[in-house]
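**Q** Below are the structure tokens for one structure; questions will follow.
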Amino acid sequence: MVALSSRARCLAWTLLAACTSSCAAPDRAALGAGYERVWITQRIGLAVREVGDPYAERALIVPGGSWLDRDLDPLVAALPRVVFYDLAGRSRSTQVADPHERRLDDDVRELEALRRHLGLESFALFGWGYQGAVCVAYALQYPERVTRMILVGPLPARRRPYWDEFVTAFAERTDSDEIARLARLRVSGAKDEDPLGYARATAAVHFATYCADPDSAQLVQSDPCQRPNLDPDRAAELGAAVLAALGDWDWRLELESLAVPTLVVAGREDPHPLEGAREYAEALPEATFVALDGVGHLPWIEAPAAFFPPVLAFLAPAE
């Protein structure tokens with residue numbers, strides 16, 4: 001049981017795989033799936049995929065694009081401009097020199113650099129999990145830039161007790177046979193021989209653990225397993241560093257002054273505690289909370305008929 005909890009804890013970090021200059025032109029090298037690289041510093045290039053009118057002023061930016069992009073078609077169809085991008089050190093974006101030095105503030109600065117590159121005065125944000133924390137931290141620093149926020153199963157507004165509860169729930173729900181299989185792949189050398197296969201096996205464990213019904217994970221179309229950040233164990237190191245640097249975070253008092261209309265959506269069967277998400281809605285002055293029955297951490301996959309209508313209604317322009 002100790003080994004399972006330890007490995008599941010490491011897997012939990014993997015998903016959180018959570019100074020700028022003027023942006024250069026996109027590098028149009030083939031990144032796949034419509035992504036282009038936007039260099040925001042000499043070392044950091046973000047993989048960006050724009051859908052819709054590239055000049056539309058009304059836009060939605062979605063961090064963590066490769067985890068979500070192929071499964072949010074109703075949003076793409078309804079909005080004039082949607083921008084997916086991978087955070088630095090994740091999926092198609094460039095690697096970071098040292099994953100242990102990565103911080104939430106880095107992701108916030110790079111989002112602002114991307115905003116300048118896109119020429120957007122303001123925009124809406126969609127943040128899932130750790131990316132929800134990126135959106136909130138960005139909005140706290142640049143409230144005039146954010147028109148609306150959608151937070152889906154976000155990293156809780158405070159660490160204690162909710163993060164420890166999540167890690168425990170994740171460990172209890174993870175299939176021990178799958179954990180053992182991943183361990184065998186590493187020990188046998190199969191991870192090195194087939195890094196893509198290992199990455200996809202790890203992602204499959206994540207998706208299945210997050211869903212209330214593990215079989216729902218088979219409906220996921222997005223593929224976060226992309227070079228150059230293919231190694232999920234390195235991503236786990238990055239995620240652990242980000243969370244460790246936050247210490248015992250508690251953003252509730254700061255949130256009380258953030259007057260950005262926000263929709264918080266959470267599944268009642270999410271390994272992330274429901275109350276951890278609800279606290280955003282309680283602290284933010286213009287927030288609405290939606291809890292979905294029988295749903296885990298992937299509500300757009302598990303219950304699209306319940307998830308998309310309130311999100312689309314929230315994003316609709318005021319008449």
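**Q** Could you look through region 264-282, keep only residues that are surrounded by fewer than 22 Cβ atoms within 10 Å (Cβ to Cβ) and hydrophobic (A, V, I, L, M, F, W, C), and pick out the one that is farthest from the chain's Cα centre (by Cα)?
**A** Top of the filtered list is Ala281.
**Q** Also: Among the helices (runs of 4 or more DSSP H) lying completely within region 215-287, list those that include at least 3 residues that are farther than 18 Å from Arg148 by Cβ and charged (D, E, K, R).
**A** Passing ranges, in order: 232-246, 274-283.
**Q** From the list Phe84, Phe123, which residue is crowded, with 24+ Cβ neighbours inside 10 Å and either more than 17 Å from the chain's Cα centre (by Cα) or closer than 25 Å to Ile301 by Cβ (or both)?
**A** Working: Phe123 fails: crowded, with 24+ Cβ neighbours inside 10 Å.
It is Phe84.
**Q** Same structure again: Among the residues of region 103-129, which ones are in contact with a Gly (Cβ under 9 Å, 6 or more places away or on another chain) and on the phi > 0 side of the Ramachandran plot?
**A** Gly129
**Q** Count, please, the residues in region 99-135 that happen to be basic (Lys, Arg) and part of a helix (DSSP H, G or I).
**A** 3
**Q** Quick one: which of Val311, Val290, Val295 is surrounded by 15 or more Cβ atoms within 10 Å (Cβ to Cβ), in a loop (DSSP other than H, G, I, E, B) and among the hydrophobic types (A, V, I, L, M, F, W, C)? Before the answer, list the steps.
**A** Details: Val311 fails: in a loop (DSSP other than H, G, I, E, B); Val290 fails: in a loop (DSSP other than H, G, I, E, B).
Of Val311, Val290, Val295, the one residue that is surrounded by 15 or more Cβ atoms within 10 Å (Cβ to Cβ), in a loop (DSSP other than H, G, I, E, B) and among the hydrophobic types (A, V, I, L, M, F, W, C) is Val295.
**Q** Is one or more of the residues making up region 89-96 within 12 Å of the chain's Cα centre (by Cα) and either surrounded by fewer than 24 Cβ atoms within 10 Å (Cβ to Cβ) or under 19 Å from Ala199 (Cβ atoms) (or both)?
**A** Yes, the conditions are met somewhere in region 89-96.
**Q** Any residue in region 283-299 that is among the charged types (D, E, K, R) sitting within a Cβ distance under 7 Å of a residue that is surrounded by 19 or more Cβ atoms within 10 Å (Cβ to Cβ)? List the pairs, counting only those 6 or more apart or interchain.
**A** That search, which allows pairs on different chains as well, returns Glu286/Val260; Glu286/Thr262.
**Q** Go through the residues of region 247-259 one by one and say whether even a single one is modelled with pLDDT of 95 or more and farther than 18 Å from Cys135 by Cα.
**A** Looking for residues that are modelled with pLDDT of 95 or more and farther than 18 Å from Cys135 by Cα, one finds at least one in region 247-259, hence yes.
**Q** For region 40-84, name all the residues that are farther than 19 Å from Pro154 by Cα and part of a strand (DSSP E or B).
**A** Once the filter is applied, which keeps residues that are farther than 19 Å from Pro154 by Cα and part of a strand (DSSP E or B), region 40-84 yields Gly45, Leu46, Ala47, Val48, Arg49, Glu50, Val51, Gly52, Arg81, Val82, Val83.
**Q** What number of residues within region 136-160 are buried (at least 23 other Cβ atoms within 10 Å of the Cβ) and assigned to a loop (DSSP other than H, G, I, E, B)?
**A** The number of residues fulfilling the criteria is 5.
**Q** Which one is surrounded by the fewest Cβ atoms within 10 Å (Cβ to Cβ), of the residues in region 161-179 that are under 30 Å from Glu254 (Cβ atoms) and touching a helix residue (DSSP H, G or I) at 6+ places or on another chain (Cβ under 6 Å)?
**A** Per the criteria, the residue is Val167.
**Q** Only one residue in Asp53, Asp27 is at pLDDT 95 or above and surrounded by fewer than 19 Cβ atoms within 10 Å (Cβ to Cβ). Which one?
**A** Matching residue, one of Asp53, Asp27: Asp53.
The values are calculated or read from the model by the stated rules, or taken from the named source; none is laboratory data. Please read all numbers here as calculations on a predicted model, not as lab measurements. Note: ideal-geometry Cβ built from the backbone for every residue, glycine included; neighbour counts use all protein chains shown.
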